[in-house]
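Peer 1: Dumping the structure here so I can ask a few things about it.
The values are calculated or read from the model by the stated rules, or taken from the named source; none is laboratory data. Just so we're clear, the structure is a prediction, and the values are computed from it rather than from any experiment. Neighbour counts are summed over all protein chains in view; Cβ atoms, including those assigned to glycine, are modelled from backbone coordinates with ideal geometry.
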Amino acid sequence: MIARWWHRRREARALRTRAIPPSLWDATLLRYPFLQRLDADRRERLHRMATLFLDGKRFSTTGELELSDEIAVAIAAQACLPILELELGLSAYDGFVGIVVHPDEVLAQREHIDEDGVVHRYEEVLAGEAMEGGPVMLSWRDVADAGLTAEQGYNVVIHEFVHVLDMADGAIDGVPPLRDRGARAHWRQVMDAAYRRFCLALDEGRDSFLDPYGAEAIEEFFPVAAEAFFVAPAALRDEQPALYELFVGYFRQDPAARP
């Protein structure tokens, strides 16, 4: 009881003293049309949630990029969109605190050991990365351009924060925590079928709206499809109707129905 009271008091204080200024919030909505399409009630709840998100996370930048309110609010607003209607709310992101923002994509050194025990080292270009326990890494250029790249179904913030939802049950497998075994079985059935259809289309040289990166593994297909769900929903609904309906049920949102 005491912990709950203290938590509510802290939230009330953050909303009272650190609320995102209306001018900055309006500018953020204008910059990202997929946020502006929310109705007035959802925009207000997103504003509240983004304020509390900023109060609970710690941002840092690298290189010559200086942290600004514009950067922090842009990330907070997009990160909170997938959890806006979830029962867990912001507690879905309790497993980490740190968010590291790079000016642009970064080159990461990777290491893989194959079945024969041979070590393979390679480099990978990253616009974002979510690690269990944090931090979440993001490229500011990709974040800033999210309003322009939305029509291609691309959004690095949503992608990485859906990874956070996926790993909340301790496994990165394309399945977020669900209410029971039946819901999990249904999720796997729909997701596996959509993933196979997507990979087959790529193998046969047919066009797909979704980023080919989603074919890397089903745990990448989930966030690739989820980012399209929020920023280019009609395209995802047309290409993967069953998957779209699965997401409507999970996220409790129907973005394609928004004006």
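Peer 1: Condition test on His159, is it within 18 Å of Met131 (Cα to Cα) and either touching a residue at least 40 places away in the same chain (Cβ under 8 Å) or surrounded by fewer than 20 Cβ atoms within 10 Å (Cβ to Cβ) (or both)? So that I can check it myself, show each step before the final result.
Peer 2: On the way: within 18 Å of Met131 (Cα to Cα): yes; either touching a residue at least 40 places away in the same chain (Cβ under 8 Å) or surrounded by fewer than 20 Cβ atoms within 10 Å (Cβ to Cβ) (or both): yes.
Here the answer is yes, as His159 does meet what is asked.
Peer 1: I would also like to ask the following. Inspect all residues belonging to segment 90-105 and state whether any of them is under 22 Å from Ala256 (Cα atoms), surrounded by 12 or more Cβ atoms within 10 Å (Cβ to Cβ), at pLDDT 95 or above and out of contact with any Cys (no Cβ under 7 Å at 6 or more places or on another chain).
Peer 2: Initial filter on segment 90-105 (under 22 Å from Ala256 (Cα atoms)): none.
No, because not a single residue in segment 90-105 is under 22 Å from Ala256 (Cα atoms), surrounded by 12 or more Cβ atoms within 10 Å (Cβ to Cβ), at pLDDT 95 or above and out of contact with any Cys (no Cβ under 7 Å at 6 or more places or on another chain).
Peer 1: Something else: Inside segment 10-37, can you point out the residues that are in a helix (DSSP H, G or I) and among the β-branched types (Val, Ile, Thr)?
Peer 2: Narrowing segment 10-37 to residues in a helix (DSSP H, G or I): 10-17, 22-31, 33-36.
Scanning segment 10-37 gives Thr17, Thr28.
Peer 1: A further question on this structure: Pull out all pairs, ordered by first then second residue, where Cβ-Cβ is under 6 Å, the residues are six or more apart or on different chains, the first lies in segment 187-198 and is over 12 Å from Glu245 (Cα atoms) and without any contact (Cβ under 8 Å) to a residue 12 or more places away in the chain, and the second is of a type in the set (Asp, Glu) and surrounded by 18 or more Cβ atoms within 10 Å (Cβ to Cβ).
Peer 2: Pairs that qualify, where the first residue is over 12 Å from Glu245 (Cα atoms) and without any contact (Cβ under 8 Å) to a residue 12 or more places away in the chain and the partner is of a type in the set (Asp, Glu) and surrounded by 18 or more Cβ atoms within 10 Å (Cβ to Cβ): there are none.
Peer 1: Where residues in segment 141-167 are closer than 14 Å to Phe221 by Cα and of a type in the set (Asp, Glu), which of them is nearest to the chain's Cα centre (by Cα)?
Peer 2: Glu160
Peer 1: Now a separate question. Out of segment 41-59, which residues are of a type in the set (Gly, Ala, Ser) and either under 14 Å from Arg10 (Cα atoms) or touching a residue at least 40 places away in the same chain (Cβ under 8 Å) (or both)?
Peer 2: Step one: of segment 41-59, the residues of a type in the set (Gly, Ala, Ser) are 50, 56.
Listed by number, the list holds a single entry, Gly56.
Peer 1: So is Val157 touching a strand residue (DSSP E or B) at 6+ places or on another chain (Cβ under 8 Å), at pLDDT below 95 and farther than 19 Å from Leu243 by Cβ or not?
Peer 2: Values: touching a strand residue (DSSP E or B) at 6+ places or on another chain (Cβ under 8 Å): yes; at pLDDT below 95: no; farther than 19 Å from Leu243 by Cβ: yes.
Here the answer is no, as Val157 does not meet what is asked.
Peer 1: Starting from segment 238-255, keep only residues that are free of Cβ contacts under 8 Å to residues at least 40 places away in the same chain, then list their pairs with residues that are in a helix (DSSP H, G or I) whose Cβ atoms are within a distance under 6 Å, requiring at least 6 positions of separation or different chains.
Peer 2: Tyr244/Leu236; Tyr244/Arg237; Phe247/Phe229; Asp254/Val248
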